[in-house]
1. Going out from 0 in 5 Å bins, what whole percent of all Cα-Cα distances in segment 111-200 drops into each bin?
2. Would segment 7-151 count as rounded, prolate or oblate if I go by the C-alpha gyration tensor, calling it rounded below 1.5 in a/c and otherwise prolate when a/b exceeds b/c, oblate otherwise?
3. Counting pairs of alpha carbon atoms under 8 Å apart in space and at least six apart in sequence, what relative contact order in percent does segment 1-141 give?
4. Per-residue counts of other Cβ atoms within 10 Å, averaged by peptide: what ranking do you get for 81-91, 179-189, 286-296, highest first?
5. Counting only DSSP beta bridges with both residues in segment 76-140, tell me the antiparallel percent, nearest 5.
6. Give the angle, between 0 and 90 degrees and rounded to the nearest 10, that separates the Cα long axis of helix 174-184 from the longest principal axis of the Cα atoms of the chain.
7. Just to be sure I understand: with springs between alpha-carbon atoms less than 10 Å apart, which residue in 177, 128, 190 has the highest mean-square fluctuation in the Gaussian network model of the chain?
8. What value, in deg cm²/dmol to 500, does the helix sum -39500 (n - 2.57) over DSSP H runs of n ≥ 4 give at 222 nm once divided by the residues of the chain?
């Protein structure tokens, strides 16, 4: 196996075969014969189906890399819909000259994350493009999960009611600020690490132990602000958030203050907002806190009848303001 990816690795011949066998199939546990489609067995039930592309820069960052991000992102999209993630397809667009050792590290991290999440990478594709036609490596992942009927309402928010509580599983903005710091070679007294993580085990524990979850969404691009505004629009209800209750790590808060960013609008890759029935909120909070991915969980607000379609932030200084939908782009290629 050569040290660099060449155009011949995308030509469909011996080099392509060697790349797929040498880097991907042995790590992902794929078995011969390699066919054009993976044949899957699923129970007679609804399935959740999602796809996403990853173009993050830099591709290696504190807390992960583009491969880990691709698996976690797809697993989380399925899990917050109430589904049990099962299978993933992965497609790679690789720039000519990309280091084989880096590709092996990325494939290994994908395999590790998939195993930890309990999903299988079952099929995929590899293309190589000329130097300068792609920025090193882009990955597209597609996921399939099994969705039980009792959880079909979760992604639609049609059971959200006034009085429901909002729960977040930890600090906001860590992923975006970590990527920004990595690009600009910034250092902090307390090292910043992306929150990139698969949340399906924590979410499954919550769902298996109560029936009070009315809505879930992972807080990726646009962060908490974007998701809460989407929720307010979907339900036609108001949302009130207590700023003091939203966890934000000090390095994130400090850099956002310097640059004029709102940490509540910054991207995350391991955070979820759970909307819970008021009688179940404390139980759900304790379940989330019992999991590594939710140890810093907090109830941060409430769904109301006031100001329909708007999100109101009770600020830490005692004032009140609207938390609007983010506009424009704060940081490109964050995922």
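Quick note: the coordinates plus some simple rules give every number you see, no bench work behind them. Please read all numbers here as calculations on a predicted model, not as lab measurements. Cβ sites come from the backbone with ideal geometry, for glycine too, and all protein chains shown count toward neighbours.
1. The calculated distribution, bin by bin, is 2, 8, 11, 12, 15, 19, 14, 10, 6, 2, 1, 0.
2. Working: a/c = 2.16, a/b = 1.52, b/c = 1.42.
It is prolate, given that a/c is not under 1.5 and a/b is the larger ratio.
3. 37 percent
4. My ranking of the peptides, most packed first, is 81-91, 286-296, 179-189.
5. Among the beta bridges of segment 76-140, antiparallel pairing accounts for roughly 30 percent.
6. Tilt of helix 174-184: around 50 degrees.
7. Comparing 177, 128, 190 in the GNM, the peak value goes to 190.
8. The helix contribution divided over the chain gives -8000 deg cm²/dmol.
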